[in-house]
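Below you'll find the structure, written out as structure tokens, and then a few comments.
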Amino acid sequence: MEKPVRLDKFLADAGAGTRSEVKKYIQKGQVQVNGKLVKKPELKITEEDQVVMNGQEIHAAPEYVYYLFNKPAGCVSATEDRNDRTVMEYVPSDRKGLFPVGRLDKDTEGLLLITDDGMLAHELLAPGKHVDKTYFVRVEGNVTPEAVAKLEEGVDIGEAKLTMPAKAEIVGGSFEAEAETFSKTVRVRRENLPEVYTELYLTIHEGKFHQVKRMMEAVGTPVIYLKRLSMGTLTLPDDLKKGECRPLTEKEVTELKESVKR
Ligand code: URA
């Protein structure tokens, strides 16, 4: 709250009620400013003032809010959609102006930042910033050392330039499954997986449309499952379940802002 604001607006923004509700509370004498009863909704207050309503101190709404969301498959990264569920339906806030920072495809899972801080979103998505994004990728087929080398050098995905060098690390695949024949989860997984598949971590520094899918297709191994694990300084926490959303900690917000400072 940088400039003085009307008391009724301050209370409504802080979530104490709608504008007309808080006006009534003020007029009925339920609000005190700096220990004094006030009955004027138009009274201007600043962040120095202490506002108490019905005995409870009311704190100014934060300028911006930031949520870390573990996106499940099946919803779209948009604020509105005619046909599909949007990621906004999972956010525990009806604050206006919230939006997802960038897009994950409808079938992609994982880390998505949701905020109303347009400036930070702009910085995170700016092509020149090259914010790292790491994905867990499962593809059909065998990712050869030659394919890894190509991903790390840059691949042709039909754009004017090759993709920027990425980091690819094979972490699993069908070659491992044999050892775990007696594990129920693995047996279920294997039934739903192609005979030959590879799992890898892929870190990219750009955000082109369907970039990971296009890169993996370009090296001959189409994506069958995709999940974002990190974006810049943010990492998907292990205990944040699919479909869950939690506010970023102050430390996470500070680190994220610092990382994209010009
Ligand atoms: N790359 C893709 O192909 N899809 C996503 O959802 C994110 C990155």
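The values are calculated or read from the model by the stated rules, or taken from the named source; none is laboratory data. Given the structure is predicted, the values throughout are model-derived calculations rather than measurements. Note that each Cβ is placed from the backbone with ideal geometry, even for glycine, and that neighbours are counted across all protein chains shown. Heads up: the accessible areas ignore ligands, DNA and RNA and are worked out on the full protein's heavy atoms, side chains in. Shrake-Rupley method; radii C 1.70, N 1.55, O 1.52, S 1.80 Å.
Which ³J(HN,Hα) values in Hz, rounded to whole numbers, follow from the phi angles of the stretch 198-204 under the Karplus curve 6.51 cos²θ - 1.76 cosθ + 1.60, where θ = phi - 60° and Gly and Pro get x?
9, 10, 8, 9, 10, 10, 10
Using DSSP loop states and a limit of at most 10 other Cβ atoms within 10 Å to flag GluC sites (Glu not before Pro), what is the longest stretch of the chain containing no flagged site?
81-194
Compute a Gaussian network model of the chain, connecting alpha carbons closer than 10 Å, and tell me which residue from LYS227, LYS213, LYS24 fluctuates the most.
It is LYS24.
Summing -39500 (n - 2.57) over the DSSP H runs of n ≥ 4 in the chain and dividing by its residue number, what mean residue ellipticity at 222 nm do you reach, to the nearest 500 deg cm²/dmol?
Details: 8 runs with 64 residues, N = 262.
For the chain, the value works out to -6500 deg cm²/dmol.
In whole angstrom, how far apart do the alpha carbon centroids of the stretch 1-72 and the stretch 108-136 sit?
With the stretch 1-72 and the stretch 108-136 each reduced to a Cα centre, they are spaced 32 Å.
Among ILE170, ILE157, ILE26, which one moves the most in a GNM of the chain with springs linking Cα atoms closer than 10 Å?
Comparing ILE170, ILE157, ILE26 in a Gaussian network model of the chain, the most mobile one is ILE26.
How high is the relative contact order of the stretch 14-141, given as a whole-number percent (alpha carbon pairs under 8 Å, six or more residues apart)? Intermediate values should be presented prior to the final figure.
Working: 164 pairs, mean separation 23.1, N = 128.
Result for the stretch 14-141 is 18 percent.
So what is the accessible area of the chain per residue, in Å², with the probe set to 1.4 Å? Before the final figure, lay out the partial values.
Working: 15280 Å² over 262 residues.
That works out to 58 Å² per residue.
With the calculation restricted to Cα positions, what are the radius of gyration and Dmax of the stretch 49-119 in angstrom?
Just the Cα atoms of the stretch 49-119 yield Rg and Dmax of 15.5, 48 Å.
Report the rotationally averaged projected area of the stretch 190-262 based on its alpha-carbon convex hull, in square nanometres.
Result: a mean projected hull area of 7.2 nm².
Which whole-percent values make up P(r) of the stretch 7-54 when all C-alpha to C-alpha distances are grouped in 5 Å steps starting at zero?
In order of increasing distance, the bins hold 5, 27, 40, 24, 5 percent.
Provide the solvent-accessible area of THR18, counting protein heavy atoms only and rolling a 1.4 Å probe, rounded to the nearest 10 Å².
Per-residue accessible area (THR18): approximately 70 Å².
If you plug each phi of the stretch 89-105 into the Karplus form 6.51 cos²θ - 1.76 cosθ + 1.60 with θ = phi - 60°, what whole-Hz ³J(HN,Hα) values come out, in order, with x for Gly and Pro?
5, 9, 7, x, 7, 10, 4, 6, x, 6, 7, x, 8, x, 10, 10, 4
What do you get for Rg/Rh over the chain if you use C-alpha atoms and the Kirkwood form of Rh? Don't skip to the end; give the middle numbers.
Numbers: Rg = 24.1 Å, Rh = 21.5 Å.
Computed over Cα atoms, the ratio is 1.12.
Give me the one-decimal Kirkwood hydrodynamic radius in Å for the stretch 15-171, with the sum taken over alpha-carbon pairs. Write out the running numbers ahead of the final one.
Details: mean 1/r = 0.0494 Å⁻¹.
Hydrodynamic radius (Kirkwood, Cα pairs) of the stretch 15-171 is 20.2 Å.
Can you give me the long-range amide H partners of ALA78? Hydrogens built in the peptide plane at 1.01 Å from N, cutoff under 5 Å, separation of 5 or more residues or another chain.
Those lying under 5 Å, H to H, from ALA78 are VAL87, MET88.
Measuring from label point to label point, each 7 Å out along Cα→Cβ, what is the ARG82 to LYS9 span in nm?
Label at ARG82, label at LYS9, 3.7 nm between them.
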